[in-house]
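Engineer: Quick one: structure below, then a few questions.
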Amino acid sequence: MAANQSKLIFEYDVEGRHGTQVVGGMRNGRVEDHKRRLPQNLVASERLPLPQVGELELTRHYVKLAQDSFGIDTGFYPLGSCTMKYNPKACERYVKHPGFANTHPHQPIESLPGFLRMFADLQDWLADMTGMDQISLTPAAGAQGEFAGMLIFKRYFESRGEHQRTVMIVPDSAHGTNPASAVLSGFEVAEVKCADADGIMNMDILNAAIEKHGAERIAGIMLTNPSTLGTFEKDILAVSERMHEIGALLYYDGANLNALLGIARPGDMGFDLIHINTHKTLSTPHGGGGPGSGPIGVKQHLAPFLPHPHVRSTSDGFEFYRPEQSIGRMKLFHGQFGILVRAWIYILLHGPDGLRRISENAIINANYLQARLKDHYPVRYDKWSDGRDRYCMHEFVASCGRLKKEVGVSAKDIAKALLNSGFHAPTTYFPLIIEEALMIEPTETESKELLDSFVDVMLGLHHTARVDADKLRNLDNLRVTQLDETYAARHIDVRWQPEEQGSAAAG
């Protein structure tokens, strides 16, 4: 077994082995006495099928698993579009304050004045940062923020009697959740091709979509700005003017907001609604399926449709209320509390000038990496159609397409070799409009020395691919070459059994 492959805890099982025992029973009598005091229907008749292991084996096993886990505290994590950046430990410390940690959502509202004040502050600050009029903090993730936004669009047009507006324009560079959120909300998705038009939405593409589907049927457009290609949509003011001219709305996907803090605001670009990934931009360790938080911001004409509970000021302080035409609740209570507290603390720690520096440094780091890597890992959109150099925003998409064609080394091979070298891999094979894509986002928190070491490894892997491609395609220290995630999802196996008893059964 390779050194970096841990056993399952069940494989340490030895009959009769155990951890620390308390000699002499419990403080108020022996263990067996307490068993008799329990209701008999709650006493297990059979021993739980847990592994019998010593304390030392148990400790070493879980410490080893923790050491094997990759996170932003252990290494560089350039996962494009996910903004895997280091978050200040102060935010982690303060969120554990008893005033935050011991708050319960069922407490009487009059016992939570500080809670309401904090959320009112955060609503105001996020509105100011994004150029929106009102913010709802309740959506529990970016995708749920998208879904809430689409429901608001639908409710808005229904309130106006414009039931024919069922078409949502989505560019081919959009996040995959964009079309999914639109479809779930009852819209028909009209994908438009931006790949061959500098990778951005331009007026020719937009007008062609309007003509094809009919201006009266179009409900809106879902855009990420900067796009998943790391490119700023330079025609955004013309796009928003045209959409509003036909009575449609603009939705802003806030996944890439880390590029805009203190520099530009979606509200000033003409967007009617935005979701904000606070777990990417405003201090929550991101990844591994959670946690997340996706507040949404709206212009005033959409405020009556916000989800509830919403916080507003009164003559006596603050209160929860339900907007008059609310789309309803997005979750049981008021958003992802701990994540929103972290965002509140993060904004307080940085202030307006600090938030702007975050984005400026993220943009500088991304352009530095793009300049150093693009000769070996081509960047499709590194120039405008007129030949001018094109700078990226906070991320860029490199391609292993040339390596794949010439020596058979794919983006997956480079990604696995990076992991093998101590760096997490970038996002691979997204966006789909880039062949063998590596989507790289260094964030603002990494030093030049770290970025240089990443470049050295990337260039070294490129050299190895040219001289010994098989070495990259067949890393000899990995027991598993490629996981079949589709098979695993369709044949769920959640119960371990020893090999001699046959293959594991589904639990």
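The values are calculated or read from the model by the stated rules, or taken from the named source; none is laboratory data. What you see is a predicted model; the values in this text were computed from it and never measured. Here the Cβ positions follow ideal geometry from the backbone for every residue, glycine too, while neighbour counts run over all protein chains shown.
Engineer: Any residue in the stretch 317-338 that's at positive phi: show its pairings with residues that are assigned to a strand (DSSP E or B) at Cβ separation under 9 Å, as long as the two are six or more apart or on different chains.
Structural biologist: Short answer, once both residue conditions are applied: G335/S136.
Engineer: Scan the stretch 336-352 and tell me whether some residue there is surrounded by 15 or more Cβ atoms within 10 Å (Cβ to Cβ), assigned to a loop (DSSP other than H, G, I, E, B) and not hydrophobic (A, V, I, L, M, F, W, C).
Structural biologist: Yes, the stretch 336-352 contains a residue that is surrounded by 15 or more Cβ atoms within 10 Å (Cβ to Cβ), assigned to a loop (DSSP other than H, G, I, E, B) and not hydrophobic (A, V, I, L, M, F, W, C).
Engineer: Here is a further query. Output the strands (runs of 3 or more DSSP E) that fall wholly within the stretch 270-326 and possess 1 or more residues being touching a Lys or Arg at 6+ places or on another chain (Cβ under 8 Å) and of a type outside the set (A, V, I, L, M), or say none. Full working, then the answer.
Structural biologist: Values: elements: 273-276, 296-298, 310-314, 317-321.
So the answer is 310-314, 317-321.
Engineer: What do you reckon, is K212 surrounded by fewer than 20 Cβ atoms within 10 Å (Cβ to Cβ), of a type in the set (K, R), under 26 Å from the mean Cα position of the chain (by Cα) and more than 23 Å from T445 (Cβ to Cβ)?
Structural biologist: In short, no.
Engineer: Among the residues of the stretch 353-370, what is the count of those that are surrounded by 21 or more Cβ atoms within 10 Å (Cβ to Cβ) and within 19 Å of S453 (Cα to Cα)?
Structural biologist: Residues flagged as surrounded by 21 or more Cβ atoms within 10 Å (Cβ to Cβ) and within 19 Å of S453 (Cα to Cα) within the stretch 353-370 amount to 6.
Engineer: A follow-up question, please. Return only the number of the condition from (1) touching a residue at least 60 places away in the same chain (Cβ under 8 Å); (2) within 21 Å of I200 (Cβ to Cβ); (3) assigned to a helix (DSSP H, G or I) that N367 does not satisfy.
Structural biologist: It is condition (1) that N367 fails.
Engineer: Continuing with the same structure: Based on this model, can you work out whether N225 counts as farther than 18 Å from N178 by Cβ and among the polar types (S, T, N, Q)?
Structural biologist: no
Engineer: If I filter the stretch 239-246 for residues that are touching a residue at least 40 places away in the same chain (Cβ under 8 Å) and assigned to a loop (DSSP other than H, G, I, E, B), do I get at least one hit?
Structural biologist: The answer is no; no qualifying residue exists.
Engineer: Moving to a separate point now. Would you say S181 is more than 22 Å from Q325 (Cα to Cα), under 20 Å from the mean Cα position of the chain (by Cα), assigned by TED's automatic domain parsing to the domain that holds D268 and buried (at least 19 other Cβ atoms within 10 Å of the Cβ)? It would help to see each step written out before you state the result.
Structural biologist: On the way: more than 22 Å from Q325 (Cα to Cα): no; under 20 Å from the mean Cα position of the chain (by Cα): yes; assigned by TED's automatic domain parsing to the domain that holds D268: yes; buried (at least 19 other Cβ atoms within 10 Å of the Cβ): yes.
Considered against the rule, which asks whether it is more than 22 Å from Q325 (Cα to Cα), under 20 Å from the mean Cα position of the chain (by Cα), assigned by TED's automatic domain parsing to the domain that holds D268 and buried (at least 19 other Cβ atoms within 10 Å of the Cβ), S181 comes out as no.
Engineer: Test A197 against the stated conditions and say whether it is surrounded by fewer than 23 Cβ atoms within 10 Å (Cβ to Cβ), outside any loop (DSSP other than H, G, I, E, B) and either on the phi > 0 side of the Ramachandran plot or not polar (S, T, N, Q) (or both).
Structural biologist: Judged against the criteria, A197 is not a match.
Engineer: Test of understanding: among R242, R217, which residue is basic (K, R), crowded, with 18+ Cβ neighbours inside 10 Å and at pLDDT 95 or above?
Structural biologist: Just a single option satisfies the conditions, and that option is R242.
Engineer: To continue, here is another question. Please verify whether the stretch 264-279 includes one or more residues that are surrounded by fewer than 24 Cβ atoms within 10 Å (Cβ to Cβ) and within 18 Å of E395 (Cα to Cα).
Structural biologist: Yes, the conditions are met somewhere in the stretch 264-279.
Engineer: Let me ask something else. Note down all Cβ pairs under 7 Å where the first residue falls in the stretch 274-290 and is farther than 20 Å from P78 by Cβ, the second is at pLDDT below 85, and they're at least six residues apart or on different chains.
Structural biologist: From residues that are farther than 20 Å from P78 by Cβ, the pairs are T278/T284.
Engineer: Now a separate question. Do we find a residue being assigned by TED's automatic domain parsing to the domain that holds T177 and in a strand (DSSP E or B) anywhere in the stretch 253-266?
Structural biologist: Keep residues of the stretch 253-266 that are assigned by TED's automatic domain parsing to the domain that holds T177, which gives 253-266.
Keeping just the survivors that are in a strand (DSSP E or B) gives 253-254.
Yes, because at least one residue in the stretch 253-266 is assigned by TED's automatic domain parsing to the domain that holds T177 and in a strand (DSSP E or B).
Engineer: Could you list, in sequence order, all residues of the stretch 148-166 that are in contact with a strand residue (DSSP E or B) (Cβ under 6 Å, 6 or more places away or on another chain) and surrounded by 24 or more Cβ atoms within 10 Å (Cβ to Cβ)?
Structural biologist: Hits for the stretch 148-166 are A148, G149, F153, R165.
Engineer: Restricting to the stretch 157-182, count the residues that are touching a Phe, Trp or Tyr at 6+ places or on another chain (Cβ under 6 Å) and within 29 Å of M118 (Cβ to Cβ).
Structural biologist: 1
Engineer: Okay, next question. With (1) within 20 Å of G75 (Cβ to Cβ); (2) surrounded by fewer than 21 Cβ atoms within 10 Å (Cβ to Cβ); (3) within 22 Å of the chain's Cα centre (by Cα) as the list, and I440 as the residue in question, which single condition is left unmet?
Structural biologist: (2)
Engineer: Separate question: Within the stretch 399-417, restricting attention to residues that are touching a helix residue (DSSP H, G or I) at 6+ places or on another chain (Cβ under 7 Å) and in a helix (DSSP H, G or I), which residue is surrounded by the most Cβ atoms within 10 Å (Cβ to Cβ)?
Structural biologist: Here the answer is I414.
Okay, residues lined up against (1) in contact with a strand residue (DSSP E or B) (Cβ under 7 Å, 6 or more places away or on another chain); (2) surrounded by fewer than 10 Cβ atoms within 10 Å (Cβ to Cβ); (3) over 30 Å from P226 (Cα atoms); (4) at pLDDT 80 or above:
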position: V23; (1), (2), (3), (4): no, yes, yes, no
position: L50; (1), (2), (3), (4): no, yes, yes, yes
position: H61; (1), (2), (3), (4): no, no, yes, yes
position: K85; (1), (2), (3), (4): no, no, no, yes
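Engineer: Whether any residue in the stretch 133-147 is in a helix (DSSP H, G or I), exposed (fewer than 15 other Cβ atoms within 10 Å of the Cβ) and within 25 Å of the chain's Cα centre (by Cα) is what I want to check.
Structural biologist: Here is the first cut: in the stretch 133-147, the residues in a helix (DSSP H, G or I) are 142-147.
Checking the rest, the ones that are also exposed (fewer than 15 other Cβ atoms within 10 Å of the Cβ) come to none.
No: the stretch 133-147 contains no residue that is in a helix (DSSP H, G or I), exposed (fewer than 15 other Cβ atoms within 10 Å of the Cβ) and within 25 Å of the chain's Cα centre (by Cα).
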